[in-house]
Amino acid sequence: MSGKNVIRNKRTVEQWQEDKRRGWVVDETPELRRSVEQEIQGKVDTNHPDSCRASMTLEQEEKAIARDIEIARTRARVGEQIRERERQTRLTVEASGRQTRRRFDKRAASVDGWRDPDRADPRTMLSQEDVAAVNEQAARLARKHDGWTRAAVSRRLAERLVDGRTMTDAVVDVYEELETAAGTVVPIAKVGEVNRSEVCISGRVETWWTPSHPRIAQVGLIGDESGRTRLTIWEASNAPWIEEGEQVHIHGAAVSWYEGRASLAVTGWSTIHFPERGRWWE
């Protein structure tokens with residue numbers, strides 16, 4: 001019995017070797033692979049900046065340090081490139097803006113000679129006494145009108161003095177200009193004098209009338225200390241409802257004419273503020 005078993009095993013081994021040579025034998029030894037958790041943990045241990053490198057070999061540690069240095073250098077180069085591009089873009093935009101402004105002023109000089117960028121500052125053409133008077137009046141006007149500097153006002157006063165106007169006429173002229181300048185709250189009585197299609201006004205709604213057209217949401221009178229005018233709020237503007245007697249600030253109100261008088265209209269481009277309305281949580 002024992003001999004038969006040995007012969008049977010020997011033939012089996014020989015047959016297995018023959019099958020292996022011919023490629024018929026499949027190696028059923030399981031392959032050692034890392035699990036997903038082990039793969040993730042390995043990446044964390046290798047790449048995380050706070051990971052401990054004590055378990056690394058010297059070669060692995062040197063590679064990790066070199067990789068960190070290269071990453072820092074790359075970030076520094078990219079940051080410098082971005083800052084340089086931003087600086088170049090700023091300079092290009094500023095230069096383009098100056099050129100555009102200069103071309104516009106050159107064209108505007110055909111109407112107003114003081115718009116010529118090559119023309120000298122009018123304040124250099126005045127005497128010291130006139131310059132002192134101009135600076136005094138400019139400071140007074142600048143205090144009354146927010147958003148205007150004393151230098152800008154003094155230049156406008158000097159332009160009128162060089163053109164032959166008296167100081168009184170120059171002050172009155174500049175004052176009226178500042179009153180109706182773009183972005184300034186214009187008195188309602190002077191809306192018709194503004195050479196623009198839109199103005200900013202502040203006033204109180206005196207009364208509302210019954211709209212004569214379905215496209216009109218509200219129509220009535222709005223007034224301030226200087227006067228009053230017609231106010232039309234179009235339905236398409238989606239403007240908030242205004243109560244009678246309410247104080248409002250309207251920015252971008254369209255100027256139109258009704259029966260020979262200037263009137264205002266609230267459009268989709270207009271903005272309405274209610275200074276007397278309290279916050280909803282108060």
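The values are calculated or read from the model by the stated rules, or taken from the named source; none is laboratory data. Everything quoted here is computed from the prediction, not taken from an experiment. Here the Cβ is made from the backbone with ideal geometry for all residues, glycine too, and neighbour counts use every protein chain on show.
A few remarks follow.
- Val111 vs. criteria under 37 Å from the mean Cα position of the chain (by Cα), of a type in the set (A, V, I, L, M, F, W, C) and in the same structural domain as Ile250 (by TED's automatic domain parsing): no
- Which numbered condition Glu159 misses (of (1) out of contact with any Phe, Trp or Tyr (no Cβ under 8 Å at 6 or more places or on another chain); (2) in contact (Cβ under 8 Å) with a residue 40 or more places away in the chain; (3) acidic (Asp, Glu)): (1)
- Residue match in region 191-209 (condition: over 24 Å from Ser237 (Cα atoms) and out of contact with any strand residue (DSSP E or B) (no Cβ under 6 Å at 6 or more places or on another chain)): yes
- Out of Thr207, Thr168, sole residue that is among the polar types (S, T, N, Q), in the same structural domain as Val134 (by TED's automatic domain parsing) and free of Cβ contacts under 8 Å to residues at least 60 places away in the same chain: Thr168
- Given (1) touching a residue at least 24 places away in the same chain (Cβ under 8 Å); (2) farther than 28 Å from Lys144 by Cβ; (3) touching a strand residue (DSSP E or B) at 6+ places or on another chain (Cβ under 6 Å); (4) in a loop (DSSP other than H, G, I, E, B), index of the condition Gly268 fails: (3)
- On inspection, Ala189 qualifies as surrounded by 13 or more Cβ atoms within 10 Å (Cβ to Cβ), of a type outside the set (Asp, Glu), closer than 30 Å to Ala254 by Cβ and in contact (Cβ under 8 Å) with a residue 12 or more places away in the chain.
- Where Val174 falls short, out of the listed (1) in a helix (DSSP H, G or I); (2) touching a His at 6+ places or on another chain (Cβ under 9 Å): (2)
- Residue match in region 194-203 (condition: assigned to a loop (DSSP other than H, G, I, E, B), touching a residue at least 40 places away in the same chain (Cβ under 8 Å) and under 18 Å from Pro275 (Cα atoms)): no
- Test: residue in region 244-251 that is touching a Pro at 6+ places or on another chain (Cβ under 7 Å), under 30 Å from Arg140 (Cβ atoms) and at pLDDT 90 or above: yes
- Of residues in region 251-267 being within 15 Å of Ala182 (Cβ to Cβ) and of a type in the set (A, V, I, L, M, F, W, C), the one surrounded by the most Cβ atoms within 10 Å (Cβ to Cβ): Ala253
- Region 18-42: number of residues that are in a helix (DSSP H, G or I), exposed (fewer than 10 other Cβ atoms within 10 Å of the Cβ) and at pLDDT below 70: 2
- In region 119-158, the residues that are within 17 Å of Ala182 (Cβ to Cβ) and not in a helix (DSSP H, G or I): His145, Asp146, Gly147, Trp148, Thr149
- Given (1) more than 33 Å from the chain's Cα centre (by Cα); (2) more than 30 Å from Ala152 (Cβ to Cβ); (3) outside any strand (DSSP E or B), index of the condition Gly220 fails: (3)
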